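What follows is a single structure, written as structure tokens, with notes after it.
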Amino acid sequence: MAYKTFTKEDYTAILDLINDNDRVLYQDAIQEEYGHDELGGTESLPDVVVLAASTADVSKVMTYAYENNIPVTARGAGTGLVGACVPIEHGILIDISKMDQILELDEDNLTLTVQPGVLLMTIGDYTAEHDLFFPPDPGEKSATIAGNIATNAGGMRAVKYGVTRDFVRELEVVLPTGKVVTFGGKVVKNSSGLDLKDLIIGSEGILGIITKAVLKLLPAPKKVISLLVPFPTLRQAIDTVPEIVRSENVPIAIEFMEQDVILDAEEYLGKKFPDHSADAYLLLRFDGNTDEEVEKAYQPVADLCLKQGAVDVFISDTQEREDSIWKARSAFLEAIKGSTTDMDELDTVVPRSKVNEMVAYFPEVSKEQGIRIKSFGHAGDGNLHAYMLKDDLSEAEFQKRMTKTMELVYEKAHNLGGLVSGEHGIGYAKKRYLKETMDPVNLELMRGIKKTFDPKNILNPNKVFDV
Amino acid sequence: MDETTKENFLKALTKVIPPDRLYTEDEISDDYGHDEINTIFHLPEFAVKPMTTKEVATVMQCANENNISVVVRGAGTGLVGGAIPTTGGLLLDLSGMNEIKQLDTDNLTLTVEPGALLTDIKQYTETRGFFYPPDPGEKTATIGGNISTNAGGMRAIKYGVTRDYVRGLTVVTALGNVMHLGGKFVKNSSGFDLKDMIIGSEGTLGVITEITLKIIIKPEVTMSLLVPFPNFKDAIKAVPNILRSGITPTAVEFFEQNVIKYWESFSQKIFPEDGHQAYLLLSFDGQKEAQIEDDYEKIAELCLEHGAEDVYVLDDVKQQEEIWSARGAFLEAIKDSTTEMDEVDIVVPRSEIVSFVQYVHQIATTENIRIPGFGHAGDGNLHFYVCRDDYDQKTWQEKLTKVFDALYQESKTLGGQVSGEHGIGIAKKVYLRKSLDEVTYTAMKKIKQVFDPNNILNPDKIL
């Protein structure tokens, strides 16, 4: 693509715009981290890094890039898994992690206005102090909110509360031309024209750069209790899920896990899980305002699990037990990573009724392709995470087997009425799988929309789909 | 449209649609020329009643080839002219595609055709122990129409709006291609969110031909509280306190004495617990009676702490039906109280409702015109009706324009939007234009061009 080659003059011009030596990094000052994300499979360094401190900074740099035809990529905390924040075409990287202020808590409208670089854990702590609650709960708490919005991150509470999209009321966005716009508002209902806010959410930084967000909050539930339910087989565990979702009191989370992943987590954390004797587990979480209310909610579900063949039901009614279970759950990804030399992931989503079929397919394809696969996932919402592990394979062999495995799994998901990504996005790593599974009519419309927002294709080029 | 085009198009249509579902000239019903509010009238040149996605797709291909404008119509219950074929052309009446196709109790979804009525969906799900939460007042609207305007309704504070319950859509594009958007899954981070582009686009981006709705388990118990306040300010100011309490009512409706009077003279009935200046009407739902009782007792106390004059508990079904059917008839009652009216369906942040209602009262006084209204106090969506009464046509138009200009300007100042749930259609176009900045407006226009390069789908609407 014919982008302008980035020169010393461009650096000087950008430095002039920002007027702060410490916030414009050039050449040797650019840390290696800026070239990859959490998973590290995609690598490419930018020519310059701008640590933006304001919407005006982002807008000024974007305007310069637009006028000079220089590619721009936005980056938050770099916790992505599909290479979406990696500057494939080099150029300018705008790091928004320093825009990390909570701007306003509005207790009348129950909204929180934040800068894009605020971390999920900061939002969690801040809202808890005010007895409020931002329900989306992706595993990675050190991600930025803008990163979460850009991938429409899902997380573990989707069964009851929904995903990030459902809790974004308003966005301030810098468009590829450098212009600043606001989509949505502090309103609950809106039927005023096309829904541009939802177009930005999940667009992985290719339509605009999010510089401010107004989030919807809820009053915090006062009680939370989890059930850890061992099952003799994974099939029995997953067969129970639709029954649970049909029960009167929907849990906030329904996670499934297998023994081997629990053992990895125990080793990684150096801590025992409350139980690891069974082949498969469901982990359920309930919330409410009183002990009595929560108890009434989980009791029938516990009975239901036993009726469906559960070996036992462990109730985590102390904070300590609750923490030990969920800490282990949050460490699964890291634990699996620690158990092998290299890995890649997939985050397919299928209808809840097809989870069993999908999960049964993993060992099958693992055996057939000769690659170790570990999986766990959000059984309640059909979003499954599977990890393909390199172990002792050579790099070439790993790439070959992994690619074939991915193709087969995505094809299977597609046939089951599923999609490539439930919450991690497409980025760079999953582009070809999106293309293979998506109807050309849909893809053409997406291309058309990208073109109207970004006619020069300078904003995060080479991501999601080819223009 | 010249005669040759007309002939060619008709010839093409007859190949797709049988004669008993294809109408021209005198066969076209007057109903096709207007919607519920009846302030705009324009007939199409052709009308068809397709029965399948395939028929819609073929018709769209013919229309695109012949450059004929196409307007989709459901039950015609819209209030902003969204379904009126203002440029003539072809009307696609989808009311015949009204089948409920599949209840999936594992994924908790209901697959329906666009012409299915809200009342049918309600009946079908609730008799089977399930529940479709969105609750727009007009129950004879089609689900396709509800999705096109992203209809809101009275349960938005607890459950959200129509958008939140659409899992999947089959859409025929302006070029006649069939697209499947979304599906029976809960999460999706796979490319742009085209499904949400279609929702609320009022038939300007595509024709919805099948819908997969999210449903939930039916709450077993519902009850309501009617809470009188000495004035509207106290009533509305109590609302944020209620919503912060941790107990979320399904609905928080607000109305004033004047509307009750119109309703009484319209229905020839006496409103229960009449005689107060302002009211909140709250409803609660859940699975266990004891739980709901706990909830509403706490909220009742909270209302009394915040200036309520009394709290009436409506726990039997008959009482509840009486009050809610009165609430449902407010629009008709106001309509009946005047010669002609036009409505606003503004939405403002919850914290700005008092300021907005105050402003409406003020404008009504300075312009010497009646503007009764009521609203969803929980979500900031307010419905006000400007009444013509005895004004002559010219004065009425002048006053209406002046009042509308002022109200939309005020809403914008307060951080609000032109429409909370009825849409823009043709009636609110000029106000949308004023409320959006140039860049946003252009972005919408360009997206329209991407979906509909020849501008044949509901041209003239929204933008």
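The values are calculated or read from the model by the stated rules, or taken from the named source; none is laboratory data. Owing to the predicted nature of the structure, the values given are computational and were not obtained by experimental measurement. Note that each Cβ is placed from the backbone with ideal geometry, even for glycine, and that neighbours are counted across all protein chains shown.
Considering A:327, A:307, A:272, the condition of being surrounded by fewer than 17 Cβ atoms within 10 Å (Cβ to Cβ) and in contact with an Asp or Glu (Cβ under 7 Å, 6 or more places away or on another chain) is satisfied by A:272 alone. In segment A:11-34, is there at least one residue being among the hydroxyl-bearing types (Ser, Thr, Tyr), part of a helix (DSSP H, G or I), within 25 Å of residue A:427 (Cβ to Cβ) and modelled with pLDDT of 95 or more? Yes: segment A:11-34 contains one or more residues that are among the hydroxyl-bearing types (Ser, Thr, Tyr), part of a helix (DSSP H, G or I), within 25 Å of residue A:427 (Cβ to Cβ) and modelled with pLDDT of 95 or more.
With touching a residue at least 12 places away in the same chain (Cβ under 8 Å), of a type in the set (Ser, Thr, Tyr), in a strand (DSSP E or B) and crowded, with 23+ Cβ neighbours inside 10 Å as the only criterion, which of A:182, A:211 stands out? The unique qualifying residue is A:211.
Of all residues in segment A:301-322, those that are more than 18 Å from residue A:257 (Cα to Cα) and among the basic types (Lys, Arg) total 1.
Counting only strands (runs of 3 or more DSSP E) that fall entirely inside segment A:262-380 and contain at least 1 residues that are under 28 Å from the mean Cα position of the chain (by Cα), within 14 Å of chain B (Cβ to nearest Cβ) and of a type in the set (A, V, I, L, M, F, W, C), the qualifying elements are A:280-288, A:343-346. Kindly provide the set of residues from segment B:136-172 that are surrounded by fewer than 23 Cβ atoms within 10 Å (Cβ to Cβ), touching a residue at least 24 places away in the same chain (Cβ under 8 Å) and not in a helix (DSSP H, G or I), ordered by number. Correct list: B:136, B:137, B:138, B:140, B:141, B:155, B:160, B:168, B:170. Considering the conditions (1) within 14 Å of chain A (Cβ to nearest Cβ); (2) in contact (Cβ under 8 Å) with a residue 12 or more places away in the chain, residue B:106 is excluded by exactly one of them, (2).
Could we say that residue B:198 is surrounded by 20 or more Cβ atoms within 10 Å (Cβ to Cβ), touching a strand residue (DSSP E or B) at 6+ places or on another chain (Cβ under 6 Å) and either within 14 Å of chain A (Cβ to nearest Cβ) or not acidic (Asp, Glu) (or both) here?
In short, yes.
Scanning segment A:145-179 for residues that are facing chain B (nearest Cβ under 8 Å) and either of a type in the set (Asp, Glu) or outside any loop (DSSP other than H, G, I, E, B) (or both) gives A:151, A:158, A:159, A:165, A:166. Would you confirm whether or not segment A:455-466 contains a residue that is charged (D, E, K, R), in a helix (DSSP H, G or I) and at pLDDT 95 or above? For segment A:455-466, residues charged (D, E, K, R), in a helix (DSSP H, G or I) and at pLDDT 95 or above: absent. Considering only residues that are aliphatic (A, V, I, L, M) and at pLDDT 95 or above, look in segment B:261-282 and name the one that is surrounded by the fewest Cβ atoms within 10 Å (Cβ to Cβ). Per the stated criteria, the residue is B:278. Condition first: within 12 Å of the chain's Cα centre (by Cα) and assigned by TED's automatic domain parsing to the domain that holds residue B:57. Can you find one or more residues in segment B:145-152 that meet it? No, segment B:145-152 has no match at all.
Within segment A:58-129, which strands (runs of 3 or more DSSP E) (wholly inside it) include 3 or more residues that are free of Cβ contacts under 8 Å to residues at least 60 places away in the same chain and of a type in the set (Ser, Thr, Tyr)? Walk me through it before giving the result.
Numbers: elements: A:72-75, A:92-95, A:102-106, A:111-114.
Once the strands (runs of 3 or more DSSP E) in segment A:58-129 are filtered for at least 3 residues that are free of Cβ contacts under 8 Å to residues at least 60 places away in the same chain and of a type in the set (Ser, Thr, Tyr), nothing remains.
Candidates A:81, A:93: the one that is outside the structural domain of residue A:185 (by TED's automatic domain parsing) and under 11 Å from the mean Cα position of the chain (by Cα) is A:81. Scanning segment A:230-241 for residues that are surrounded by 20 or more Cβ atoms within 10 Å (Cβ to Cβ) and either of a type outside the set (A, V, I, L, M) or within 14 Å of chain B (Cβ to nearest Cβ) (or both) gives A:230, A:231, A:238, A:240, A:241. Quick check on residue B:359: is it out of contact with any helix residue (DSSP H, G or I) (no Cβ under 7 Å at 6 or more places or on another chain) and among the aromatic types (Phe, Trp, Tyr)? In short, no. Could you go through segment B:366-373 and let me know if any residue there is at pLDDT below 95, closer than 26 Å to residue B:265 by Cβ and not assigned by TED's automatic domain parsing to the domain that holds residue B:203. Yes, segment B:366-373 contains a residue that is at pLDDT below 95, closer than 26 Å to residue B:265 by Cβ and not assigned by TED's automatic domain parsing to the domain that holds residue B:203. Screening residue B:385 on (1) within 14 Å of chain A (Cβ to nearest Cβ); (2) more than 23 Å from residue B:241 (Cα to Cα); (3) surrounded by 19 or more Cβ atoms within 10 Å (Cβ to Cβ); (4) hydroxyl-bearing (Ser, Thr, Tyr) shows it passes everything except condition (1).
Cβ-Cβ distances below 6 Å connect the following pairs, each with a first residue in segment A:191-206 that is more than 7 Å from every other protein chain (Cβ to nearest Cβ) and crowded, with 24+ Cβ neighbours inside 10 Å, a second residue that is of a type outside the set (Gly, Ala, Ser) and assigned to a loop (DSSP other than H, G, I, E, B), and a separation of six or more residues or different chains: A:200/A:207; A:204/A:463; A:204/A:464; A:205/A:460; A:206/A:460; A:206/A:463; A:206/A:464. Checked against (1) under 30 Å from residue B:318 (Cα atoms); (2) touching a strand residue (DSSP E or B) at 6+ places or on another chain (Cβ under 8 Å); (3) more than 8 Å from chain A (Cβ to nearest Cβ); (4) not acidic (Asp, Glu), residue B:211 meets all criteria but (1).
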